[in-house]
Amino acid sequence: MEFVVLAFFCGLSAGVIGRLKGSSFWIWFAVGAVLPLLGTLAAVLYRSERREPRRRCPECGKVLAVHVQVCTRCGRDLEWPDEVLPAR
Ligand SMILES: [Zn+2]
């Protein structure tokens, strides 16, 4: 039982850190829960996707990484953008 609680909180911390870095909360939550401490550490060391080129969804205007193929907000299929926003 303690392990489940530990895994949950490690997953939570990894997920929050991953989310802050512009990645998916649930992916990092899973990593942190499967690999407690290591997953959180990986999230801390993970390079931020915010430095990558971005594009704007033509449907809803959400800014996404250029390699994203389906908008995470409205679900629209995205083609390679005409206009790439410069990395920040
Ligand atoms: Zn969209």
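Roughly what would the spin-label model give for Phe25 and Val44, points 7 Å off Cα along C-beta, in nm?
Calculated label separation equals 2.2 nm.
Cβ under 14 Å from Thr40's Cβ, Thr40 left aside: what net charge do those residues give with Lys, Arg +1 and Asp, Glu -1? Let's see the in-between values first.
Numbers: positive: Arg19, Lys21; negative: none.
Summing Lys/Arg as +1 and Asp/Glu as -1 gives +2.
Quick one: divide the alpha-carbon radius of gyration of the chain by 2.2 N^0.38 Å and tell me what you get. Display every interim value, and only then the final one.
Values: Rg = 15.4 Å, N = 88, 2.2 N^0.38 = 12.1 Å.
The reported ratio for this selection is 1.27.
What 222 nm value per residue comes from the helices of the chain, counting each DSSP H run with n ≥ 4 as -39,500 (n - 2.57) and dividing by all residues, nearest 500 deg cm²/dmol?
Details: 3 runs with 37 residues, N = 88.
-13000 deg cm²/dmol, from helical runs alone.
How far apart, in nm, are the 7 Å Cα→Cβ label points at Leu37 and Arg73?
According to this spin-label approximation, the distance is 4.0 nm.
Indicate the helices, whole DSSP H runs only, in the chain that combine a mean Kyte-Doolittle hydropathy of 1.0 or more with a Cα extent along their long axis of 20 angstrom or more.
On the way: long enough: 2-20 (27 Å, 1.74).
TM-like helix candidates: 2-20.
Values in this text are rule-based calculations from the coordinates and carry no lab data. These numbers come from a predicted model, not from an experiment. Cβ atoms come from the backbone with ideal geometry, glycine included; neighbour counts cover every protein chain shown.
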